[in-house]
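The values are calculated or read from the model by the stated rules, or taken from the named source; none is laboratory data. Computed from a predicted structure; not experimentally measured. Virtual Cβ from ideal backbone geometry, glycine too; neighbours counted across all protein chains shown. With ligands, DNA and RNA removed, areas are computed over all heavy atoms of the protein, side chains included. Shrake-Rupley method; radii C 1.70, N 1.55, O 1.52, S 1.80 Å.
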Amino acid sequence: MITVNENFLKLKAGYLFPEIGRRVAAFAKANPSASIIRLGIGDVTEPLPEAVVKAMHEAVDQMGKRETFHGYGPEQGYDFLRKTIADNDYASRGVSIDPDEIFVSDGAKCDTGNIQEIFGLDNIIAVTDPVYPVYVDTNVMAGRTGDCDASGRYAGIVYLPCTAENNFVPALPKQKVDIIYLCYPNNPTGAVATKEQLKVWVDYARQNKALILFDAAYEAFIRDASIPHTIYEIEGAKEVAIEFRSYSKTAGFTGVRCAFTVVPKQLKAYTKDGKAVEVAPIWNRRHCTKFNGVSYVTQFGTAAVYSPQGKQQVRKIIDLYMSNAAMMVDSLTKMGYTVFGGRNAPYVWVRTPQGVGSWEFFDMLLNKANVVGTPGAGFGSAGEGYLRLSAFNQPEKVKEAMERIANL
Ligand code: MLT
């Protein structure tokens with residue numbers, strides 16, 4: 001008899017974004033003439049930067065000739081890309097990361113979801129609430145939790161409420177935790193964490209032999225010069241943190257797939273009898289066993305993100321999305337909504353009108369304005385009473401969405 005991994009049966013029905021996609025598709029089917037504006041899932045709309053396209057063409061040509069053809073590459077990524085990342089994303093900010101501490105992959109979603117595999121099932125996991133659902137669901141799948149309660153919280157997970165009162169940066173937990181997922185600039189609230197705020201967590205992790213899984217997928221959207229772009233700007237973080245980065249939102253790679261994870265050599269985890277073990281070789285072992293590396297064409301194109309032209313073109317795309325975010329913050333504020341985020345992140349976190357729940361507001365916007373957002377409650381119970389709007393769309397569409405919401 002085949003038995004199923006019953007942990008999967010604990011999961012709430014559908015993953016958030018497909019569920020929203022299903023509702024939007026049903027609406028579109030029933031209202032074929034509606035012109036829907038999608039500010040839901042954070043999927044980019046601008047095409048790839050020219051420098052990337054050019055490099056990818058060049059790489060395809062190389063692949064077409066025996067002398068320059070590439071078969072399997074190093075699972076961890078080509079040296080040319082790992083070194084470029086170390087220089088441009090880290091050395092440029094005064095942080096020393098060795099290229100061999102960088103693991104190139106096909107997405108931060110996969111890496112933030114897979115990383116838990118290399119840690120014991122008895123670790124106590126802490127997540128912010130609201131939270132990117134991947135962190136929670138993958139721990140449920142692994143069996144680190146009990147069942148889900150009526151509010152959507154799983155037994156065994158420590159939830160750290162992020163509210164307007166704490167500027168969406170959580171306070172330290174009352175109970176001891178072992179693995180903490182933090183994402184700044186934050187998805188979904190658009191909040192950022194200062195150096196001082198991150199230092200509190202790094203110090204906690206050092207004192208408690210805990211690990212921070214730091215999702216920095218949105219770092220390129222930071223505008224405020226005082227906000228750290230990497231957790232390794234905080235002293236001691238290399239001993240206690242793994243960082244995840246992505247090209248999806250920065251270089252328009254949602255359909256291309258490339259990201260990387262940094263596992264510093266200093267980082268240790270412990271056996272049950274307290275022996276310290278280096279984490280990087282374990283992640284390397286997992287990565288090499290389950291993954292054959294990102295394609296050469298993609299990595300060659302990714303390296304072009306860091307060329308002078310690439311940097312300029314990426315900056316222009318990010319500026320466009322951030323001007324959308326500014327437009328949303330400004331328009332919604334004028335309409336009387338309470339709005340957070342959108343200043344150092346491509347997400348705007350809108351408080352729903354008094355007495356209107358997240359899903360109700362989502363339905364209202366979809367039905368009356370034909371605008372798609374993401375209900376805050378979909379990210380956790382502390383997201384109830386909020387709706388997330390993504391800045392990833394064309395400015396004309398964002399402007400029209402704002403006009404439609406204003407006319408509600
Ligand atoms: C989001 O909308 O939260 C993101 O696009 C999801 C993701 O990056 O997987």
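Just P346, P173, P228 to compare: in a GNM of the chain, with alpha carbon springs under 10 Å, which one fluctuates most? Most flexible of the set in this elastic network: P173. For the stretch 1-130, the solvent-accessible area with a 1.4 angstrom probe is 56 square angstrom per residue.
The H on the amide N of T128, modeled in the peptide plane, is under 5 Å from the matching H of L160, Y181, each at least 5 residues off or on a different chain. Answer with one residue from T84, Q175, N344: the one whose Cα lies farthest towards the positive end of the charge dipole of the chain, charges on Cβ with Lys, Arg +1 and Asp, Glu -1. Among T84, Q175, N344, the one farthest towards the positive end of the dipole of the chain is N344. Rolling a 1.4 angstrom probe over the protein heavy atoms with all chains in place gives the stretch 284-408 an accessible area of 41 Å² per residue. Over the Cα atoms of the stretch 94-186, the radius of gyration divided by the Kirkwood radius equals 0.99; this is the Rg/Rh ratio. Candidate cross-link partners of K334 among the lysines, defined by an alpha-carbon separation under 21 Å and a same-chain spacing of 8 or more, comprise K368, K397, K399. Measuring nothing but protein heavy atoms, the accessible surface of the chain at 1.4 Å probe radius is 53 percent carbon and sulfur.
A DSSP coil position with no more than 15 other Cβ atoms inside 10 Å describes the following trypsin sites (Lys or Arg not before Pro) in the stretch 57-165: K65. Count Lys and Arg as plus one, Asp and Glu as minus one, and take only other residues whose Cβ is under 14 Å from that of P188; the net charge is then 0. L81 exposes around 0 Å² of accessible area when a 1.4 Å probe is run over every protein chain in place. Out of N324, N367, N31, any idea which swings most in a Gaussian network model of the chain, alpha carbons joined below 10 Å? Looking only at N324, N367, N31, the largest GNM fluctuation is found for N31. With every protein chain in place and a 1.4 angstrom probe, the accessible-area ranking of M335, M328, M56, largest first, reads M335, M56, M328. May I ask you to work out the translational diffusion coefficient for the stretch 136-207 at 25 °C, viscosity 0.890 mPa s, via Stokes-Einstein with Rh from the Kirkwood sum over Cα pairs, reported in whole µm²/s? D = 180 µm²/s.
Sorted largest first by accessible area at a 1.4 angstrom probe radius, with every protein chain in place, the residues S92, S246 fall in the order S92, S246.
Under 13 Å from the Cβ of I20, count the other residues' Cβ atoms, weight Lys and Arg +1, Asp and Glu -1, and hand me the total. Combined, the nearby Lys, Arg, Asp and Glu give +1.
Counting heavy atoms of the protein chains alone, H229 has an accessible area of about 30 Å² for a 1.4 Å probe. About its Cα centre, the dipole of the chain is roughly 320 debye, where the only charges are +1 on Lys and Arg Cβ and -1 on Asp and Glu Cβ. Eigen-decomposition of the gyration tensor built on the alpha-carbon atoms of the stretch 213-284 gives equivalent ellipsoid semi-axes of 27, 17, 7 angstrom, largest listed first. Computed from phi, the 3J(HN,Hα) profile of the stretch 59-72 under the Karplus parametrisation 6.51, -1.76, 1.60 (θ = phi - 60°) reads 5, 5, 4, 4, 5, x, 10, 3, 5, 10, 5, 10, x, 3 Hz, with x in place of Gly and Pro. Computed on the Cα trace of the chain, the radius of gyration divided by the Kirkwood hydrodynamic radius gives Rg/Rh = 0.96.
What is the antiparallel percent of DSSP beta bridges lying wholly in the chain, to the nearest 5? If we restrict to bridges inside the chain, about 55 percent are antiparallel. Within straight-line reach of K54, meaning a Cα separation under 25 Å, sit the following lysines at least 8 residues removed in sequence or on another chain: K65, K83, K249, K311, K316. Along each principal axis, taking the top coordinate minus the bottom one, the Cα set of the stretch 169-294 gives 45, 38, 22 Å in descending order. When all protein chains stay in place and ligands, DNA and RNA are ignored, the 1.4 Å accessible-area order of T163, T352, largest first, is T163, T352. Between N284, N393, N187, the Gaussian network model of the chain with springs among Cα atoms under 10 angstrom shows the greatest mean-square fluctuation at N284. Taking all protein chains as they are arranged and a probe of 1.4 Å, the heavy atoms of Y184 leave approximately 10 Å² accessible to solvent.
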